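All remarks here apply to the structure that follows.
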Amino acid sequence: MCGIVGYVGKKQCLPILINGLRRLEYRGYDSAGVAILSDGKFNRTRAVGKIDCLADKLKGQTMSGTVGIAHTRWATHGGVTEANAHPHAACDDNLVLAHNGIIENYRELKEKFLQGHEFKSETDTEVLAHLIEAHYKGDLRLAVEQALAHVHGTYGLVVMHMNEPEKIVAARMGSPLVVGVGDGEYYIGSDTSPMLAHTKQVIFLDDGEVAEITPDQLKMFTLQDEKVTKCVENIEWDDEQAQKQGFPHFMLKEIFDQPRSLEDALRGRYDLAEGEAHLGGLNMTPEQMRQVKRVVLLACGTAYYAGLAGKYAFERLADLPTEVDVASEFRYRDPIVDDRTLVFGISQSGETADTLAALREAKRKGAQVRGIVNVIGSTIARETGGGTYIHAGPELAVASSKAYTNMVAILLLYALQFGRLKRVSAATGKRLLDALLEIPGKMKSILEKSDEIKKIAEKYQGARDFMFLGRGINYPVALEGSLKLKEITYIHSEAYPGGELKHGPISMLSPEFPIFALMTQNQLYDKMRSNVQEARARQAKVILVATEGDESVKEIADDVIFVPPTMELLEPLLNTLPLQLFAYHMAVALGCDVDRPRNLAKSVTVE
Ligand code: M6R
């Protein structure tokens, strides 16, 4: 979704802004722009398409200047046009502004305050630029605060005014903003990625905060103009971790990161001898943990499928009834929760608007709320004030991979932590942990099959439909495999529990409609085998994920990807990998933009 970069300092800022925008490309966007104050006027250039289109347009232009803002836009209000791209200017080009979020009352604002203003775009953002202009009386920060008092909606914004040439004012409500602290310079970003190459010292803005930034000083205020003191935080991720490291795409790199990122997720969070997990962020005594009577997992997309896999662990190990809810549904239901309900919001970005709103709703109704989040310092992490980082490292491909496996692992550890207070013995806990510690090695052996999986993907690249089947814990894996395929290849695919096939979807099967079935040796193996045979009897081609050594599966499959055996609860940690690789290789074979699939954004910060 949209991205913001800003710089205030002594360096020439154009390369800093353009490189910063490139670091934000993973969020998804359809146009980009930059505005720099040079020689007493704003030099503003915008372009539809990739950052390269903007860079091409900038070639040959002299755009010197040490203070500037830039933006990648993912269209919401108004089409994908240059006029709608940010930064926007107010009437006489003396003020420029870039904005993430949605101004819900932009029509009323126009009518009430902005009669006579000339608008050049169809965006809600331009209204904000004019509104600040209308309130400007020589102090940009005050104008921003006064203008925002009339605004309903969400924003992360950066704004500059010609009369205050060395200054950027930034404000946040519902759309993240971070300030990176350098030596006599400040970086601004909608997340930390544009600044990681320059500084790891950052300050996160909270909702309702305004920052006034000049090369020598950062001053923070509330929207009511009261001074705020903020702490500088240190970001552990480095710039190199956020690069492709020789892989052709971020997604492939991130799929291959999984053995290491899983180790990072587990490190220091278990006690093998006692067979128990200890995730500190829960902030509950054992007595308080025993009071928990129900668990609710809230998330969207891949994080939701990780939650579905985690449900099995919570019910089996922790004896806790567990619901998994799509956050965008939960927030508008009348969810029944109380102080004995423990709600986890699961999110890679920690910024997903629906998940955040669902968590707020759960909190309002009295539930205990925690986060399972990847991005450090993100809104969900800070608002829940408790929970766990999954430590997957930067995930930049739009299609999530390593965040999924780490989410599943953290849910398993939480389930074990609760389970050990109930009926799980030290021996059972130890068996689970031993098996978990073997997973990174087993993941590596699956990743070695990448070329084999590539050949299978190429063989099926003509198929326009796919059916993913799984049962029990492999059903969420099927859902995740199907989502991966559709989001990066645009091929239609569905996922069903194997037992549901005969209740309807089997009618679609044909030689042109292959099935991808998860048929590893767990308690539902025989049932799944029957379902695969039902599909095969309808001439559907069959690709199987099966357990190493189970040669008998070859009789009923066209193609088989073998995976090492593991405990049933841990199967999603292995069985998802062939599906990720299949989707990846299929997308490459079809010439799709793997890391930035059409219409999608990495961080979905609007409803
Ligand atoms: O950042 P989050 O984990 O909260 O994001 C949730 C979904 O938007 C995300 O998982 C989405 O489904 C991915 N594109 C899946 O690959």
Consider all pairwise Cα distances in region 244-445 and report the whole-number % of them above 24 Å.
36 percent
On a full-extension model of 0.36 nm per residue, what is the gain between residue 183 and residue 260, subtracting their alpha-carbon distance, rounded to one decimal in nm?
24.3 nm
Multiply the residue separation of residue 39 and residue 59 by 0.36 nm, subtract the distance between their alpha-carbon atoms, and state the gained length in nm to one decimal.
5.4 nm
Which value, in Å to one decimal place, does the Kirkwood hydrodynamic radius take for region 449-595 when every pair of different Cα atoms is included?
14.8 Å
Can you give the relative contact order of region 449-595 as a percent, counting alpha carbon pairs under 8 Å and 6+ residues apart?
31 percent
With the crude spin-label approximation of a point 7 Å out along Cα→Cβ, what separation in nm comes out for residue 340 versus residue 288?
1.8 nm
Gyration tensor verdict on region 74-163 (Cα atoms; rounded if a/c is under 1.5, prolate if a/b is larger than b/c, oblate otherwise)
rounded
Assign one of three labels to region 3-237, namely rounded, prolate or oblate, based on the Cα gyration tensor with a ≥ b ≥ c the square roots of its eigenvalues; rounded applies when a/c is under 1.5, prolate when it is not and a/b is larger than b/c, and oblate otherwise.
rounded
Tell me, what is the FRET efficiency for residue 508 and residue 77 to the nearest 0.05, using R0 = 35 angstrom and their Cβ-Cβ distance as r?
0.40
Applying the Karplus parametrisation 6.51 cos²θ - 1.76 cosθ + 1.60 with θ = phi - 60° to the phi angles of region 550-561, what ³J(HN,Hα) value in whole Hz is obtained for each residue in order, glycine and proline being reported as x?
8, 5, 4, 5, 4, 5, 10, 10, 7, 9, 10, 10
Enter the mean projected area of the convex hull around the alpha-carbon atoms of region 1-98, in nm², rounded to one decimal.
5.8 nm²
Could you tell me which of rounded, prolate or oblate describes region 247-287, using a ≥ b ≥ c as the square roots of the eigenvalues of the alpha-carbon gyration tensor, with rounded for a/c under 1.5 and, failing that, prolate when a/b is larger than b/c and oblate otherwise?
prolate
Hits in region 312-342: amide N under 13 Å from the 7 Å Cα→Cβ extension of residue 360, namely 331-332
List the residues, sorted by chain then number, that are 5 or more residues from residue 153 or on another chain and whose placed amide H is less than 5 Å from its amide H.
104
Over the chain, what relative contact order in percent results from Cα pairs under 8 Å that are six or more residues apart?
12 percent
By average C-beta atoms within 10 angstrom, highest first, the peptides 552-560, 133-141, 197-205:
197-205, 133-141, 552-560
Could you tell me what percent of the DSSP beta bridges with both partners in the chain are antiparallel, to the nearest 5?
60 percent
Past the 42 angstrom mark, what percentage of all C-alpha to C-alpha distances in the chain do you count?
27 percent
Label-to-label distance, nm, for residues given as residue 229 and residue 278 (7 Å Cα→Cβ offset):
3.3 nm
For region 244-445, what's the relative contact order in percent, using C-alpha pairs closer than 8 Å and at least 6 residues apart?
32 percent
Links exceeding 29 Å between C-alpha atoms in this model, out of 422/502; 311/459; 363/430; 311/484; 502/554; 219/602, come to 422/502; 311/459; 363/430; 219/602
Rounded FRET efficiency, nearest 0.05, which uses the C-beta distance separating residue 108 from residue 216 and R0 of 35 Å:
0.35
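Bear in mind that the values in this text are calculations on the coordinates, not laboratory data. Since the structure is predicted, the reported quantities are computational estimates derived from the model, not experimental observations. When we count neighbours, we look across all protein chains shown, and the Cβ atoms used for this are built from the backbone with ideal geometry, even at glycine.
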